[in-house]
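Q: Quick one: this structure, given as structure tokens, is what I'll be asking you about.
The values are calculated or read from the model by the stated rules, or taken from the named source; none is laboratory data. In this text the structure is predicted, and so the values were computed from the model without any measurement. Virtual Cβ from ideal backbone geometry, glycine too; neighbours counted across all protein chains shown. Just the protein is used for accessible areas: all its heavy atoms, side chains included, with ligands, DNA and RNA removed. Shrake-Rupley method; radii C 1.70, N 1.55, O 1.52, S 1.80 Å.
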Amino acid sequence: MSFSPVTQASKGVGTPTTRLIGLIAIASLAWVLFGGLVATPPEVTQGESVRIMYVHVPSAWVAYLAFITTAVASASYLLSRRRSLGFDRVAGASAEVGVVFMGITLVSGSLWGRLTWGTFWQWDPRLTTTSFLFVTYLGYLAVRGLGGTHHQRAKRSAILALLAVLEIPLVHFSVVLWRSLHQRASVLSTDGDVKMDGLMLFTLLVGVVAFTATFAWLVMHRQRVLAMRDIVESRKLDVAIAQRTGEGN
Amino acid sequence: MDLTPRTSADNAPLAPRKRKTTWTTIVVLVAIVVAGGVIVSQFLTSAIDYYCNADEVGVREGCEADRRIRIQGTVDEGSLESAAGSTSFSLSFNDVTINVVYEGDPGGIFQECIPVVAHGRLVGDTFEANRIEVRHSNEYMAENGDRVTDAEAKACSQQTG
């Protein structure tokens, strides 16, 4: 039996594609840093605190994207004839990265709230549903860590991922369904009217590209690391079986 | 890794695990989630509408004047006064105005012509607040000379929902 992917681990898990995505992420993040801190003007009401938006909104978008990716990969695992564990590893990697970005969303939103609303936190509909989503995916990662075979892990976490993703519409539309301290969407507003200064909007969109590229880069690397971990676990199992077989001789 | 076969107390092999159908599990889980969604939705609708608009005080269920509530309105232009650590102002929504007193500095970007949410209780004709939060709109305009005047004028005339 060959375990070449493990022995090649020291060479890293990068490919030309991930390197290209990494370069896009670095270049766009550089603009977000410059544009967000220097080039864009203060907002007429919020002043300098509006700069937090260039982190807060893209990180929220990426968290949504990550959880949707997890759901799609999970559905692909359940529906595919071969039940490829590759789908499961993409789902797991995406959820891990999504939880990180959701954490960034909550922290940056809390800081922004202190500067504009005058409070770090309130149990209003948007904040409550977002924290509920965050906790749900922490639970998802916990479920992935339970014992069993790789396929048992993949199956139970896939079902959970398909249920958890249903929370996203509730989070996104909570500011429309209920009265919230949180403002409604500016770019993806229901009336289709973008209510933002041009340079602010451009920097925000570059931020979305930057964070999305960072997400893709992280997930591609992470799922390869997870694949190696699975191989190592399988190898340990093979060794243990061989030892038991040897005891019988 | 311990691969010792599991056995029961009398050393007899364990009975094979019952295989329940995946679909039954999925249907039960979906039913739980839907039920949870309905409960959360009803709870949020009845109890966590974050605030009452100023014109709903004493009118809408949950906005009774004799209980602790959160009210929203836009701070009236020229109404803001600060003295001896106390802040007083009036807020309006749909032509209904309520006087508010708050012990302290509201913080955030509190100012005239901006929508706020005040937490407290109506005592007589005055709303005694112990927390003020500023709502900001979903419009982001660059700060520069003439626009400030336009934005302030717009903020004073707008009534956010």
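One line per residue, one yes/no per condition, for (1) over 19 Å from A:Thr119 (Cα atoms); (2) not charged (D, E, K, R):
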{"site": "B:Arg70", "(1), (2)": "no, no"}
{"site": "B:Gly73", "(1), (2)": "no, yes"}
{"site": "B:Gly78", "(1), (2)": "yes, yes"}
{"site": "B:Glu81", "(1), (2)": "yes, no"}
{"site": "B:Thr87", "(1), (2)": "no, yes"}
{"site": "B:Leu91", "(1), (2)": "yes, yes"}
{"site": "B:Glu103", "(1), (2)": "no, no"}
{"site": "B:Gly108", "(1), (2)": "no, yes"}
{"site": "B:Gln111", "(1), (2)": "no, yes"}
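Q: Hey, any hits in the range A:191-205 for a residue that's assigned to a loop (DSSP other than H, G, I, E, B), touching a helix residue (DSSP H, G or I) at 6+ places or on another chain (Cβ under 6 Å), within 13 Å of another protein chain (Cβ to nearest Cβ) and of a type in the set (Val, Ile, Thr)?
A: Taking every residue of the range A:191-205 in turn, none turns out to be assigned to a loop (DSSP other than H, G, I, E, B), touching a helix residue (DSSP H, G or I) at 6+ places or on another chain (Cβ under 6 Å), within 13 Å of another protein chain (Cβ to nearest Cβ) and of a type in the set (Val, Ile, Thr).
Q: Something else about it: Quick one: which residue in A:Arg19, A:Arg51, A:Arg83 is surrounded by fewer than 20 Cβ atoms within 10 Å (Cβ to Cβ) and without any contact (Cβ under 8 Å) to a residue 24 or more places away in the chain? Outline the logic, then answer.
A: Numbers: A:Arg51 fails: surrounded by fewer than 20 Cβ atoms within 10 Å (Cβ to Cβ); A:Arg83 fails: without any contact (Cβ under 8 Å) to a residue 24 or more places away in the chain.
Residue meeting the stated conditions: A:Arg19.
Q: Only one of these is under 28 Å from A:Thr17 (Cα atoms) and either modelled with pLDDT under 95 or open to solvent by 60 Å² or more (accessible area, probe 1.4 Å) (or both): A:Leu188, A:Leu141. Name it. Steps first, answer last, please.
A: Working: A:Leu188 fails: under 28 Å from A:Thr17 (Cα atoms).
Answer to the selection: A:Leu141.
Q: Go through the range B:79-107 residue by residue and tally those that are under 20 Å from A:Arg179 (Cα atoms) and in a loop (DSSP other than H, G, I, E, B).
A: Number of matching residues: 2.
Q: Return yes when A:Val107 is surrounded by fewer than 19 Cβ atoms within 10 Å (Cβ to Cβ) and within 13 Å of the chain's Cα centre (by Cα) and no when it is not.
A: For A:Val107, the condition - surrounded by fewer than 19 Cβ atoms within 10 Å (Cβ to Cβ) and within 13 Å of the chain's Cα centre (by Cα) - is not met.
Q: Now for a separate question. Please count how many residues of the range A:168-185 are more than 9 Å from chain B (Cβ to nearest Cβ), over 28 Å from B:Ala142 (Cα atoms) and open to solvent by 20 Å² or more (accessible area, probe 1.4 Å).
A: The qualifying residues number 1.
Q: Another question about this same structure. Out of everything in the range A:110-130 that is hydroxyl-bearing (Ser, Thr, Tyr) and open to solvent by 20 Å² or more (accessible area, probe 1.4 Å), what residue ends up being farthest from the other protein chains (Cβ to nearest Cβ)? Explain how you work it out, then say what you get.
A: Of the range A:110-130, the ones hydroxyl-bearing (Ser, Thr, Tyr) are A:110, A:116, A:119, A:128-130.
When the remaining residues are screened for being open to solvent by 20 Å² or more (accessible area, probe 1.4 Å), the result is A:110, A:128.
Details: A:Ser110: 13, A:Thr128: 7 Å.
Per the stated criteria, the residue is A:Ser110.
Q: Among A:Ala158, A:Ala164, A:Ala154, which is touching a Phe, Trp or Tyr at 6+ places or on another chain (Cβ under 7 Å), away from chain B (no Cβ under 11 Å) and more than 25 Å from A:Tyr54 (Cα to Cα)?
A: Going through A:Ala158, A:Ala164, A:Ala154 in turn, just one is touching a Phe, Trp or Tyr at 6+ places or on another chain (Cβ under 7 Å), away from chain B (no Cβ under 11 Å) and more than 25 Å from A:Tyr54 (Cα to Cα): A:Ala154.
Q: Given the criteria β-branched (Val, Ile, Thr), open to solvent by less than 60 Å² (accessible area, probe 1.4 Å), within 30 Å of B:Glu133 (Cβ to Cβ) and facing another protein chain (nearest Cβ under 10 Å), does A:Val208 qualify?
A: no
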